[in-house]
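Since the structure comes first, as structure tokens, the remarks are kept for the end.
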Amino acid sequence: MLRDSIILYLVVFFMLSMAACGSSSDSSVSNLSGAIAIDGSSTVYPVTEAVAEEFQIANPDTRVTVGVSGTGGGFTKFCVSDTDISGASRPIKDNERELCAENGVEFIELRVGLDGLAVVKNKDNNYLNDLSMDQLAKVWGPASEDSVMKWSQVDSSFPAEDIDLYGPGTDSGTFDFFTEEVNGEGGASRGDYTPSEDDNVLVTGIAGNEHSMGYFGYAYYAENMDTLGIIKVNGVTPSNETVSNGSYALSRPLYIYVSINSLQKKEQVLEFVRYYLSDEGIAMVIEVGYSNVPVDELEASRRTVEESVQ
Amino acid sequence: MSDLSGSSRTDIKSQSSMFKTSLALRHFRGRVFYGVCLAGSLVGILLLIVLMNDIRQDGFEYFSRHFFTNYPSRKPEIAGFRGAIMGTLWVMTIVAATAFPIGVGAALYLEEYAKKNRLTSLIQTNISNLAGVPSIVFGILGLQLFVRGTIGYGPAICIGESCGFGRSVMSGALTLTLLILPVVIVASQEAIKSVPPSIREASYGVGATRWQTVSSHVLPQAMPGIMTGMILALSRAIGETAPIIMIGALTFVAFSPETPLDPFTAMPIQVLNWVSRPQAEFHDLAATGIVVLLITLLTMNTLAVVLRIKLGRESAR
């Protein structure tokens, strides 16, 4: 009887899992099948996810998986042929290029969009409207730690209020990009700011103090316009247009790297990339809150894909 | 007599005069201690109520049929939890199926068969130490051992092109098994220890072998305790994120695993992904995901209590 109840428990457990399994394999719309493994940057993730979602609906027999290992983590997998496509929020580094070469992984680089970094302030703040890159460097530079503590030190027209800063943690690609562009060296930043990997925490922090400032992806500003204000950089407000044409200083490229071997041998990967670069696919870039690459660059990318499979 | 009773009365009087002043104080201390204990247990319950209330407020907006049937989506109104639920069910089934025999086997060996010597106590100490190792460390171990199929030295174990189990359900499940094994072993040992020695002696007394004693007396008596430990350990495993992110569980998986070697996602990973998005709708979706995770957890704990009562009654018969 004891053994019975254990068996009963196991049976119930399995039945529960199987019942939920009731697979819904409808007649397929297309005959494309097989796996497409994607990993990489968390910044590119929303675009890839949106494209993957639509592609999966149109091709129910394919299996698209998207991971979020970060740009660097993505390349470590991509260069040992673990994945077919890798998302990146910066160009591939030399050591990553070498790793790919060692393992015979050839790839093409496609720029799919641009992400503007928003420098934001509290909604009630009325003096932080337009900052030059030099002023930003004065606020965020490593030399300013424990010395530049009041806004009046940044510009004499600003009030003598305490500077209160919020930004992403040092593991983030956003941090690398911002420090590289503003302070001239990736990773060089003052340490006395409130860091968080969760951008929603930064939003809450900035919304709570009138004299605060922070930076993160534009999409987080777009969702929180009621509590945050935007700061112009060198007189330019980030928008789809200024980010696209590069006139906004803090716009970073979003790439996908595609293995040529996968493109040639796996039909589903080729179709996926074609869909990604199609008008319908590339529209997802805008839908998730990023900016388009110029049309001629998109055309060039499409040609690169077709040439690599000939 | 009167002398005696008189003297004993003064005795009592002198004694009670020694204690008289502190009686009220002692009662007061007793009441304070009662209060502290009550407050201690109320804190836990209050926290749970606050947590449940907090989640209830945002958690039920998306609580609908399609939350259980749809896969993740960029549109919050059609995004669902199915891939995560299926991934977690697959993983937990394999974890239960592997952790139970290995854990109970190890506990039986240590309690019933092993000689009490230095080697045994070394093993014992290390099992207890393993229970305190942070879960991310198990993730790194799992990545090496199961995903890549190497032990750090020498070549990987490969079948054809693929080495190890890859980033699959199997790798995730075996990693979580390693994570909870120490807890299962220690809980099972405690349960086995609590079986009175007289039962073993009686069994040996009527000529039963060691195997017969263990299988038909010790194990059934210990089973309620073992099951409780087992299910509490599974409850821990179901909420773990760090080790399975490490071994490469994915974020967007719009299909359910069909074999143990398929890629997967799990409930805590999906929740984490939703929480870290800018749109408030996704935060509500995350809350709904947490509700589902909590319900699963509470169901498992209820099962533990029911099993304990039921098995306890049976072995008492």
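Here are a few things to note about the model shown:
- Atom-type composition of the exposed protein surface of chain B places 67 percent of the accessible area on carbon and sulfur (1.4 angstrom probe).
- Shielding by partners, peptide A:57-65 (average Cβ within 10 angstrom, other chains): 4
- Size of the stretch A:46-162: Rg and Dmax of its alpha carbons, in Å, are 21.8, 64.
- Simple spin-label estimate for A:LYS150 and B:GLU281 in nanometres, 7 Å along Cα-Cβ: 4.7
- Counting only heavy atoms of the protein chains and using a 1.4 Å probe, B:HIS66 has close to 70 Å² of accessible surface.
- What the phi angles of the stretch B:214-228 give under the Karplus curve with 6.51, -1.76 and 1.60, with θ = phi - 60°, is a coupling list of 5, 6, 9, 10, 5, 4, x, 5, 7, 4, x, x, 4, 4, 4 Hz, glycine and proline written as x.
- Dipole of the protein assembly as shown, positive end: most advanced residue of B:LEU122, A:ALA219, A:GLN268 [Cβ charges, Cα centre]: B:LEU122
- Per principal axis, descending, Cα span of the stretch A:115-251 in whole Å: 36, 32, 28
- Computed Kirkwood radius, in angstrom, where 1/r is averaged over Cα pairs of the stretch B:184-285: 17.5
- Couplings 3J(HN,Hα) of the stretch A:285-302, computed from phi: 4, 5, 4, 8, x, 9, 10, 6, 7, x, 4, 5, 5, 4, 4, 4, 4, 4 Hz, in residue order, whole Hz [Karplus 6.51 cos²θ - 1.76 cosθ + 1.60, θ = phi - 60°; x for Gly and Pro].
- Magnitude of the charge dipole for chain B, about its Cα centre and with charges confined to Cβ atoms of Lys, Arg (+1) and Asp, Glu (-1), is about 980 debye.
- Summarised as an ellipsoid, chain B has semi-axes of 48, 33, 18 Å, derived from the eigenvalues of the Cα gyration tensor scaled by 5 and square-rooted, with the largest first.
- Applied to the stretch A:105-119, the Karplus parametrisation 6.51 cos²θ - 1.76 cosθ + 1.60 on θ = phi - 60° returns per-residue 3J(HN,Hα) values of 8, 8, 8, 10, 9, 10, 8, 9, x, 9, 10, x, 7, 8, 9 Hz, with x for Gly and Pro.
- Counting DSSP beta bridges with both ends in chain A, the antiparallel % (nearest 5): 60
- Beta bridges assigned by DSSP with both partners in the protein assembly as shown are antiparallel in approximately 65 percent of cases.
- With the charge dipole of the protein assembly as shown set up from +1 on Lys and Arg Cβ and -1 on Asp and Glu Cβ about the Cα centre, the Cα lying farthest toward the positive end among the listed residues B:THR302, A:SER247, B:THR175 is that of B:THR302.
- Cα convex hull of the stretch A:160-225, projected area averaged across orientations, nm²: 4.7
- With a 10 Å cut-off around each Cβ of B:81-91, the average count of Cβ atoms from other chains is 2.
- Protein accessible surface hidden between B and A, which excludes ligands and nucleic acids, total in Å², probe 1.4 Å: 3300
- P(r), alpha carbons of chain A - 20 Å bins starting at zero, rounded %: 29, 46, 21, 3, 0
- On the beta carbon distance between A:SER157 and A:ALA222, with R0 = 25 Å, the FRET formula returns roughly 0.30.
- Rounded accessible area per residue of the stretch A:115-251, 1.4 Å, Å²: 42
- Overall Cα dimensions of the protein assembly as shown, principal axis frame, Å, largest first: 116, 68, 49
- Pairs from the list B:LYS115/B:LYS193; A:LYS123/A:LYS232; B:LYS193/B:LYS310 with a Cα-Cα gap above 18 Å: B:LYS193/B:LYS310.
- The 1.4 Å probe gives accessible areas that order B:GLU77, A:GLU306, largest first, as B:GLU77, A:GLU306.
- Shielding by other protein chains, B:286-297, mean Cβ within 10 Å: 0
- For the set A:LYS93/A:LYS121; A:LYS77/A:LYS265; A:LYS93/A:LYS150; A:LYS93/A:LYS138, the pairs lying more than 30 angstrom apart at their alpha carbons are A:LYS93/A:LYS121; A:LYS93/A:LYS150.
The values are calculated or read from the model by the stated rules, or taken from the named source; none is laboratory data. Keep in mind the model is a prediction, meaning the values are calculated, not measured. Note that we place each Cβ from the backbone using ideal geometry, even for glycine, and neighbour counts take in every protein chain shown. Quick note on the areas: whole protein, heavy atoms, side chains included, nothing else; ligands and nucleic acids left out. Shrake-Rupley method; radii C 1.70, N 1.55, O 1.52, S 1.80 Å.
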